[in-house]
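The values are calculated or read from the model by the stated rules, or taken from the named source; none is laboratory data. Here the structure is a predicted model, which means the values were calculated and not measured. Cβ coordinates were reconstructed from backbone atoms using ideal geometry, including for glycine residues, and neighbour counts include every protein chain displayed.
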Amino acid sequence: MNELHDEVWGNCLKVIRDNLTYQSFKTWFAPIKPIKLENNVLTIQVPSQFFYEWLEEHYITLLKKTIRNELGPGGRLEYSIVMDGAFSNDPYTIKIPTSNRKATTNPSVAMPIDLNSGSSKEIPNPFVIPGLKKIQVHSQLNEAYSFENFVEGDCNRLARSAGYAVACNPGKTAFNPLFLYSAVGLGKTHLAHAIGLQVKNNFPEKTVLYVAAEQFLQQFIDSVRNNNQNDFVHFYQMMDVLIIDDIHFISGKEKTQDVFFHIFNHLHQKGKQLVITSDKAPVELKGVEPRLLSRFKWGLAADLQVPDLETRIAILKKRIYKDGIEMPDEVIEYLAYCITTNVRELEGALISLMAQSSLNKKAITLELARQMIDKFVKNTTREISIDFIQKIVCDYFSIQVDALNSKTRKRDIVQARQLSMYFSKKHTKASLATIGLHCGNKDHATVLHACRTVTNLIETDKQFRLYVEELEKRIKF
Ligand code: ADP
Ligand code: MG
C-alpha cells in the first residue's frame, strides 16, 4: 500500500528523472527515501551530510520546482540525514528546512555544558558572542571526526591507540600531553576531535574543548585589547580536556606562548588532559620557547605517516559507504593508487570524481577516473621513474622496496626485482647500468638477463602474463 508521501515523491521522481542523466539520477536520487508528508512539508531521507550538501548545491532549483508542482506554492522540503547509520544501531537524524541552509552546514552540535551551575563567578567565554546571556562551553567537536570513522593502519597505529587510551582515561595516562604531529592532511585534526568525542562519550560530565591555535591566539589578542586577560586564562583553566590544534601557529608569538604556558601548567598540575597537534615534532618546532617545548616532551609525541595503499583503499571505502555512494572497486583502487600524498587529497579526488560524473553526466568508470586524475594530478606527463616503477611492483606483490636491494635470492623478491628492471628498461630512458644500480646494485648484464627472462615468461606463463599486464596498467595509469 502506497502512502501519500511515497506517491508525492514518486511523482517528483518522474519529473526529475526526465531532467537528468541516468547516472546522475541513480547516484543522487535513487538512494533518497521519502519519510513523511505533514503540513505540506515533505521529508526525505538522504544518506549523508555530503549528499545533502550536494543536492542543495546542484539540484535545488529542480527540487524546488518539482515540489511546488506537486504540493502547491506553499510546499516545502525537509531533509533527514542519516548520521553514520552504518555504525550505530540507532541512526540519529536531523531535519533541515530547505529555506534555512546556512544553519545546517555543521550538524555536529556537541552538548553544551552550562558552566554557571556550581561556579561562583561568571567567567566570560571567549567563544560566545557578547550579548548572549548564558555561558556555555561548546566543545567545538565535529561528530564526523570520530574514532569509528578513523581508519587504522601502520601509518597511524601508535597515535591512534595513544589517543584512544587518553580518551578512556583523560589525564591519568603517561600520555600527557599527547602531542600528535604530521604533515598536512594526514589526520591530526580528525584524531584530535575523535579523542574529544570519545571523552564526551565516556565522561559526559567532563568539560572538553577543542580549539585551533589560531583561534586561541585571536582570543588572546582580543582579551588583551578588552583588558580581560585574566578571564581568558581562567576560562581555559576550567577545562578537563583541552585540545589545541596546530600549535605551530603560535610560534614566534611570545605573549601567547607565555599565557599558554600558564594554562598548560595549571591544567597539567591538576591532572587535566592536554592534546596538542603540530606540523612538526617538538624538537623541530621553531620559534617556540624552550620551556614550552620541554613540556611538550613530557608526555608522548606520536606522528602520523602517509597511509599505505591498503589503508588508502580502506579510507576511501569507508568514506564512500558513509556518503551512501556506489562506486566500482576498480575505481576506488585506482584512486588510492594514484593519490599517494595525503588523505585530504584523496578525499578531494573522490569528490572531484563524483562531481565530474554528475556534471558531465557520465557514469563513474575507470576511464572517467583516469581522465579526472590526469587533471587532478597536475603533472600529467610526469616521467615514469625507476623509483616509481619499483614502488608499483613492490606494492603489487606486498613486499618492501628495500627488499629489492637486499642480497636475498627469495623467489618473489627476485621476480619483483626482474620485473622492476624490465619495466624500467621499457618505460624510462635510463641505461642498463643505471637500472642495475638502482635495482639491487646489479650490473648491466643482469638487467639484460632479467629483461629476457621476463619476456620469456610472458610468452610461456599465463599467470605471469596477467601480472605483467596488470602492472603495465598501473605504471601507465
Ligand atoms: P591534518 O589535520 O593532519 O591536516 P585532517 O585530520 O584534517 O588532517 O585530515 C584530512 C582529511 O582526511 C579529513 O577529512 C579526515 O577525516 C581524513 N582522514 C585522515 N586520516 C584518516 C584516517 N586514518 N581514516 C579516515 N579518514 C582520515
Ligand atoms: Mg588539521
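Leu304 - would you say it is buried (at least 20 other Cβ atoms within 10 Å of the Cβ), within 16 Å of ligand 1 (Cβ to nearest atom) and not small (Gly, Ala, Ser)? Criteria met by Leu304.
Rundown of residues vs (1) under 30 Å from Ile32 (Cβ atoms); (2) among the aliphatic types (A, V, I, L, M), yes/no style:
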| site | (1), (2) |
| --- | --- |
| Phe296 | no, no |
| Asp303 | no, no |
| Val306 | no, yes |
| Arg312 | yes, no |
| Val331 | yes, yes |
| Tyr334 | yes, no |
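The residue list Val275, Val331, Val306 contains one member that is within 16 Å of ligand 2 (Cβ to nearest atom), at pLDDT below 95 and either in contact with a Ser or Thr (Cβ under 9 Å, 6 or more places away or on another chain) or under 20 Å from Ala194 (Cα atoms) (or both), which is Val306. Would it be correct to say that Leu457 is buried (at least 18 other Cβ atoms within 10 Å of the Cβ) and not in a loop (DSSP other than H, G, I, E, B)? Considered against the rule, which asks whether it is buried (at least 18 other Cβ atoms within 10 Å of the Cβ) and not in a loop (DSSP other than H, G, I, E, B), Leu457 comes out as yes.
Could you pull out the residue among Ser358, Ser398, Ser406 that is in contact (Cβ under 8 Å) with a residue 60 or more places away in the chain and either among the polar types (S, T, N, Q) or on the phi > 0 side of the Ramachandran plot (or both)? Let's see the steps before the verdict.
Values: Ser398 fails: in contact (Cβ under 8 Å) with a residue 60 or more places away in the chain; Ser406 fails: in contact (Cβ under 8 Å) with a residue 60 or more places away in the chain.
That would be Ser358, the only listed residue that is in contact (Cβ under 8 Å) with a residue 60 or more places away in the chain and either among the polar types (S, T, N, Q) or on the phi > 0 side of the Ramachandran plot (or both).
Just a yes or no: is a residue in region 289-306 β-branched (Val, Ile, Thr) and within 19 Å of Ala212 (Cα to Cα)? Within region 289-306, none of the residues are β-branched (Val, Ile, Thr) and within 19 Å of Ala212 (Cα to Cα). Against the numbered list (1) away from ligand 1 (no atom under 12 Å from the Cβ); (2) closer than 26 Å to Gly348 by Cα, Pro204 comes up short only at (2).
Hey, any hits in region 344-359 for a residue that's surrounded by fewer than 13 Cβ atoms within 10 Å (Cβ to Cβ) and out of contact with any strand residue (DSSP E or B) (no Cβ under 7 Å at 6 or more places or on another chain)?
The initial filter retains those residues of region 344-359 that are surrounded by fewer than 13 Cβ atoms within 10 Å (Cβ to Cβ), namely 359.
Now drop any that are not out of contact with any strand residue (DSSP E or B) (no Cβ under 7 Å at 6 or more places or on another chain), which leaves 359.
There is at least one residue in region 344-359 that is surrounded by fewer than 13 Cβ atoms within 10 Å (Cβ to Cβ) and out of contact with any strand residue (DSSP E or B) (no Cβ under 7 Å at 6 or more places or on another chain).
Please verify whether region 139-162 includes one or more residues that are over 16 Å from the mean Cα position of the chain (by Cα), modelled with pLDDT of 95 or more and crowded, with 19+ Cβ neighbours inside 10 Å. The answer is yes, given that some residue of region 139-162 is over 16 Å from the mean Cα position of the chain (by Cα), modelled with pLDDT of 95 or more and crowded, with 19+ Cβ neighbours inside 10 Å.
May I ask you to list the residues in region 180-196 that are more than 7 Å from ligand 1 (Cβ to nearest atom) and touching a strand residue (DSSP E or B) at 6+ places or on another chain (Cβ under 7 Å)?
Applying the first criterion (more than 7 Å from ligand 1 (Cβ to nearest atom)) to region 180-196 yields 180-181, 183, 192-196.
Result: Leu180, Tyr181, Ala192, His193, Ile195, Gly196.
Picking from residues in region 359-377 that are out of contact with any Leu (no Cβ under 9 Å at 6 or more places or on another chain) and either of a type in the set (S, T, N, Q) or assigned to a loop (DSSP other than H, G, I, E, B) (or both), the one that is nearest to ligand 1 (Cβ to nearest atom) is Val377.
Looking across region 22-39, the residues that are within 30 Å of the chain's Cα centre (by Cα) and not in a strand (DSSP E or B) come down to Tyr22, Gln23, Ser24, Phe25, Lys26, Thr27, Trp28, Phe29, Ala30, Pro31, Ile32. Inclusion of Val259 among residues that are within 24 Å of Val306 (Cβ to Cβ) and outside any strand (DSSP E or B) is not warranted.
Here's the yes/no breakdown for (1) farther than 26 Å from Thr341 by Cβ; (2) surrounded by 12 or more Cβ atoms within 10 Å (Cβ to Cβ); (3) not assigned by TED's automatic domain parsing to the domain that holds Thr21:
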position: Ile399; (1), (2), (3): no, yes, yes
position: Gln418; (1), (2), (3): yes, yes, yes
position: Met421; (1), (2), (3): yes, yes, yes
position: His444; (1), (2), (3): yes, yes, yes
position: Asp461; (1), (2), (3): yes, yes, yes
position: Glu469; (1), (2), (3): yes, no, yes
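Within region 222-278, being in contact (Cβ under 8 Å) with a residue 40 or more places away in the chain and among the hydroxyl-bearing types (Ser, Thr, Tyr) holds for Ser223, Thr256, Thr277, Ser278.
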